[in-house]
Every structure is written in C-alpha cells, then in structure tokens.
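The next block holds one structure in the form of structure tokens; read it before the comments.
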Amino acid sequence: MLKKARISKYIAYLFLIVLCIIWVVPVVFGVTTSFRSQSEVVSAGFRLLPENWMLDNYVTILENTSTAPILRWLLNSVFIACTHTFLVVVIISITGYGYSRMNFRGRDTLFFTLLGISFFPGVVNIIPSYKIIEAFGWVNTSWAMIIPGLAGMGNIFLVRQFLKGIPQELDESARVDGAGDFKIYFAIILPLIKPILIVCGLFSFVGSWNDFLWPVIVYTDVENMPITAGLLLLQDIYGNYRMIGQLMGSAMLAIIPTLLLFAFAQKYFIQSINLNSGIKG
C-alpha cells in the first residue's frame, strides 16, 4: 500500500509538472519575444531566448502617446478595476448578510431564482445592457465598465456560504446588548468575512481588468479605452507581422498589475478554500 501511494504521488507530481510547463512556456516565450528585434522575430523561428536582448520595443511603446497611449490605458484600467472591485465588495457583503442573516418572506426563493438566472450566458445581455448604458449616457465613460456586474450572484453565493460557517449566536448576543443589523454587520460580520471578501475582490478585479468584449463595444474614444480594448487597437498598429515585439511588449505590460496582485494576495486564497471556514460553534 505504501509503495502504491508513493507511485500515485509521483504520477501526480509528473502530471502537475507537465501542466506547469504547458502553461509557462507560452508566457516565457511572450516575454522573451518582447525583447527581440523584428528581424529576429520573423527569421529565427521558435527560440525560447533571444540572441540579443533589447529594450527598443518598450521604448517605442511608451513613446507612442498619440495613436496608442498605453500608459493612459493602464491608468484607465486601474481606475475602472479598483472602483468596480470596491463597489463589488460593499454590495456583496451587504447582500450576503441579508440573504444569510435576515429573515423575510421569500428570501430563499428570491435568492435561488436570481442564482438560476445568473447561469444564462452573459452574451445574451449585451444588447439590453448597451441600450441601458446608452440611455444613461455612459458610452465612452468609465461607468460603462464599473456599474454592470456589481451584484454578481456568484460572489453573493460565496459570501452567503461563508457566513453559514459563522454561528448566529454571535448575532443573538449582540442583539441582547442592543445592537441592530447595521451594528452587527459592521462590528461583527464584516471583520469575520474579510478572507472571502478579499478573494471575491480579487476575482472581480481580474474579471474587470481582463474583460475584452464589453469594452470593445462601449468604447470608441482612444483616450478613454481600458487596456484590453487598447490591445485590440494595437493589433492594427503593430500586428500583421510588422511589429510583433511591440505587440508582445504591450501585452506583457498589461498583465503586470494582475501578476503583482496575485503575488501579494495568494495567501488569502488558501484561507478561503473552505467556504465554511468561519468560526465554528
């Protein structure tokens, strides 16, 4: 039995290593391509490391502030993603508290009905969503990216499930001392659900940052675009095998914020793997 367990462990390690290589090699190749000259990109074929490392691609990207203002796009994306994430955390924490702690008629029916509706593909809402955004005058503004999706039922479900691991005796004790719902929420619940809120915030930030289809639809003004819509524009400027190094350099700049975010916040994923990891009674 011990030998079989050891063999199974080695097979699992080998499988994970293969998956890691499959994921890492394209990323490394993209990074190294951004440091190659255009002639090397076209003529060298597949070579993981460049013959001559150069920063000319990044210099060209950063100097182009007219047709491709990538720094402006990055700032737009940071503002959009941070604002969207903050509002998401506020809304899902309050909503999750309501669905798990407050008793009202039809609570569970309403929750599971909205949860079921959320399983429909998001693409079916594109035209209605655009009409609503257009009616509010939010086309080509940051609000077109910030407001939609704030009350995602997936995040609310995670918060609700996490709250089920926190004993309601804490609420009852606070009520005996005269605390109301808002006092209980701010003083007791909010500090306890911080791990799951951080995870939901990370998912929301990455989802907002990486959203591609929606910003392409709602943005036509180059100055107001987020980075994902800007990268599509860069395909016309740098694509067609003319400036592949600049195109890859722009893509590498676009993923830096999310990589840093995961690097500093990965411990919170471990804390929130168990949705019932709240205080046990």
>> Only four residue types carry charge here, +1 at the Cβ of Lys and Arg and -1 at the Cβ of Asp and Glu. Report the dipole size of the chain about the Cα centre in Debye, rounded to the nearest 20.
In response: 1240
> Quick one: helix 194-210 against the long Cα principal axis of the chain, what's the angle to the nearest 10°, folded into 0 to 90?
Replying inline: 30
> What is the Cα coordinate range of region 66-271 on the first, second and third principal axes, sorted by size from largest, in whole angstrom?
Replying inline: 70, 38, 25
> Within a Cβ distance under 13 Å of Arg36, other residues only, what is the Lys/Arg minus Asp/Glu net charge?
Replying inline: -2
> region 160-230: percent of C-alpha pairs farther apart than 18 Å?
Replying inline: 58
>> Quick check on the exposure proxy: order Val41, Val31, Val18 from fewest to most C-beta atoms within 10 angstrom.
In response: Val18, Val31, Val41
> Which lysines have a Cα less than 16 Å from the Cα of Lys4, not counting those fewer than 8 places away in the same chain?
Replying inline: none
>> Compute the angle between helix 126-136 and the longest alpha-carbon principal axis of the chain, please, reported from 0 to 90 degrees and rounded to the nearest 10.
In response: 80
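Just want to confirm a number: the relative contact order over region 66-271, from Cα pairs under 8 angstrom separated by 6+ residues, in percent.
Normalised by residue count, the contact order of region 66-271 is 37 percent.
Helix-derived [θ] at 222 nm for the chain: sum -39500 (n - 2.57) over DSSP H runs of at least 4, divide by residue count, nearest 500?
On the way: 14 runs with 190 residues, N = 281.
The helix-only estimate for the chain comes to -21500 deg cm²/dmol at 222 nm.
Bear in mind that the values in this text are calculations on the coordinates, not laboratory data. None of these values were measured; they are calculated from a predicted model. All Cβ positions, glycine included, derive from the backbone under ideal geometry; neighbour counts span all protein chains shown.
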